[in-house]
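Engineer: One structure is given below, represented as structure tokens, and several questions about it will come after.
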Amino acid sequence: MEETWRAVDVYFEEKLATTDETMEHILKKNEEAEMPSIEVSRAHGKMLHLMAKMAKATTILEIGTHGGFSTVWLARALPEEGRMATLEVNPEHAEMARENIESAGISAEVEVIEGEALSTLPSILEKGYPRFDFIFIDADKENNSEYLDWALKLSKKGATIIVDNVVRRGKIIEDTDEKAVPQIRDMFDQLSKDDRIETTAIQTVGQKGYDGFLMGVVK
Ligand code: DHB
Ligand code: MG
């Protein structure tokens, strides 16, 4: 089955331009640097791009840059004068992301903020960013509840919030200690009581296996 999921993603690449030279260059660079290949898939990257366009986002925040693959997809959705901040804890990944962002020709719009997100989030508005229209959470899953809380504090009314990797091959419904699953479940518990955002979650299959994402609109 996984083979079919991959093949269908490749079919979409051919038919729907879910990749291009710039994105392939970034994936190659990340692979050469032996970074874990945990970027969003090509189709998922383009989906984020289209969602940011649908939201008419002029300010985007990403928590968890990795090598900048999703960063570039998202930043490409910005209009002129748009701005994006992306937060990365690993200095080597942040450096790689800066290079990839430069090679994609969008370094004027995007700032890579290095450091633990829970340390850099509290002062981000002081850096001159307005509240954000679109926030993508894709960092260490253990802190998802706190990232979501920050996202709600830092977003405009009507903003879109997306959280990656909330299904984890279905582990999300299991009472297991497996990596970050209890914390992702805590986030869902928090959401079930949170009246600041309207949410749904979608399961996905493809080149990255079986996972899913949460999406919400801030009330
Ligand atoms: C992991 C993290 C991700 O953001 C992802 O999309 C897939 C896997 C991980 O840490 O294993
Ligand atoms: Mg992810």
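The values are calculated or read from the model by the stated rules, or taken from the named source; none is laboratory data. Every value quoted in this text rests on a predicted model; they were computed, and no experiment measured them. Note that we place each Cβ from the backbone using ideal geometry, even for glycine, and neighbour counts take in every protein chain shown. To get the accessible areas, we keep the full protein, side chains included, count just its heavy atoms, and leave off ligands, DNA and RNA. Shrake-Rupley method; radii C 1.70, N 1.55, O 1.52, S 1.80 Å.
Engineer: Going by the conditions given, is Val166 hydrophobic (A, V, I, L, M, F, W, C), in contact with a Ser or Thr (Cβ under 7 Å, 6 or more places away or on another chain) and open to solvent by less than 20 Å² (accessible area, probe 1.4 Å)?
Structural biologist: When the stated conditions are applied, Val166 does not pass them.
Engineer: Report the residue count in the stretch 127-154 for those that are open to solvent by 40 Å² or more (accessible area, probe 1.4 Å), outside any loop (DSSP other than H, G, I, E, B) and either touching a Lys or Arg at 6+ places or on another chain (Cβ under 6 Å) or closer than 22 Å to Arg98 by Cβ (or both).
Structural biologist: 1
Engineer: Please find, within the stretch 1-12, the residue that is farthest from Ser70 (Cα to Cα) out of those that are at pLDDT 95 or above and open to solvent by less than 100 Å² (accessible area, probe 1.4 Å).
Structural biologist: Of everything passing the filter in the stretch 1-12, Thr4 is farthest from Ser70 (Cα to Cα).
Engineer: While we're on this one: Could you give every pair whose Cβ atoms fall below 7 Å, whose first residue belongs to the stretch 29-44 and is within 11 Å of ligand 1 (Cβ to nearest atom), and whose second residue is acidic (Asp, Glu), counting only separations of at least 6 or pairs across chains?
Structural biologist: Ser37/Glu31; Val40/Asp164; Ser41/Asp9
Yes or no, residue by residue, for (1) out of contact with any Phe, Trp or Tyr (no Cβ under 6 Å at 6 or more places or on another chain); (2) under 26 Å from Gln207 (Cα atoms); (3) open to solvent by 40 Å² or more (accessible area, probe 1.4 Å):
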site: Ile26; (1), (2), (3): no, yes, no
site: His66; (1), (2), (3): yes, yes, no
site: Met84; (1), (2), (3): yes, no, no
site: Pro91; (1), (2), (3): yes, no, yes
site: Glu102; (1), (2), (3): yes, no, yes
site: Gly105; (1), (2), (3): yes, no, yes
site: Gly115; (1), (2), (3): yes, no, no
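Engineer: Please find, within the stretch 163-200, the residue that is nearest to ligand 2 (Cβ to nearest atom) out of those that are closer than 22 Å to Thr65 by Cα and part of a strand (DSSP E or B).
Structural biologist: Taking the candidates together, the pick is Asp164.
Engineer: When you scan the stretch 1-59, how many residues do you find that are charged (D, E, K, R) and within 16 Å of ligand 2 (Cβ to nearest atom)?
Structural biologist: Number satisfying all stated conditions: 4.
Engineer: So, one more: In this structure, is Ala104 among the hydrophobic types (A, V, I, L, M, F, W, C), within 16 Å of ligand 2 (Cβ to nearest atom), in contact (Cβ under 8 Å) with a residue 40 or more places away in the chain and under 16 Å from Gly68 (Cβ atoms)?
Structural biologist: no
Engineer: Regarding Pro79, is this residue within 14 Å of ligand 2 (Cβ to nearest atom), open to solvent by 50 Å² or more (accessible area, probe 1.4 Å) and assigned to a loop (DSSP other than H, G, I, E, B)?
Structural biologist: No, not satisfied.
Engineer: What tally of residues in the stretch 30-44 results from selecting those that are crowded, with 18+ Cβ neighbours inside 10 Å and of a type outside the set (A, V, I, L, M, F, W, C)?
Structural biologist: Going through the stretch 30-44 one residue at a time, the tally reaches 5.
Engineer: Step by step: first the residues of the stretch 45-64, then only those that are touching a residue at least 40 places away in the same chain (Cβ under 8 Å) and of a type in the set (Gly, Ala, Ser), then the one that is most open to solvent (accessible area, probe 1.4 Å). Which residue is that?
Structural biologist: Of everything passing the filter in the stretch 45-64, Ala55 is most open to solvent (accessible area, probe 1.4 Å).
Engineer: If you don't mind, another one. Kindly list, by first and then second residue, each pair from a residue in the stretch 85-101 that is under 12 Å from Phe69 (Cβ atoms) and in contact (Cβ under 8 Å) with a residue 24 or more places away in the chain to a residue that is open to solvent by less than 50 Å² (accessible area, probe 1.4 Å) and assigned to a helix (DSSP H, G or I), limited to pairs with Cβ atoms under 6 Å and residues at least 6 apart or on different chains.
Structural biologist: Thr86/Thr71; Asn100/Ile26
Engineer: How many of the residues making up the stretch 45-59 are of a type in the set (A, V, I, L, M, F, W, C) and within 15 Å of ligand 1 (Cβ to nearest atom)?
Structural biologist: Count: 2.
Engineer: Give me a count of the residues in the stretch 117-126 that are over 17 Å from the mean Cα position of the chain (by Cα), among the hydrophobic types (A, V, I, L, M, F, W, C) and either part of a helix (DSSP H, G or I) or exposed (fewer than 15 other Cβ atoms within 10 Å of the Cβ) (or both).
Structural biologist: 1
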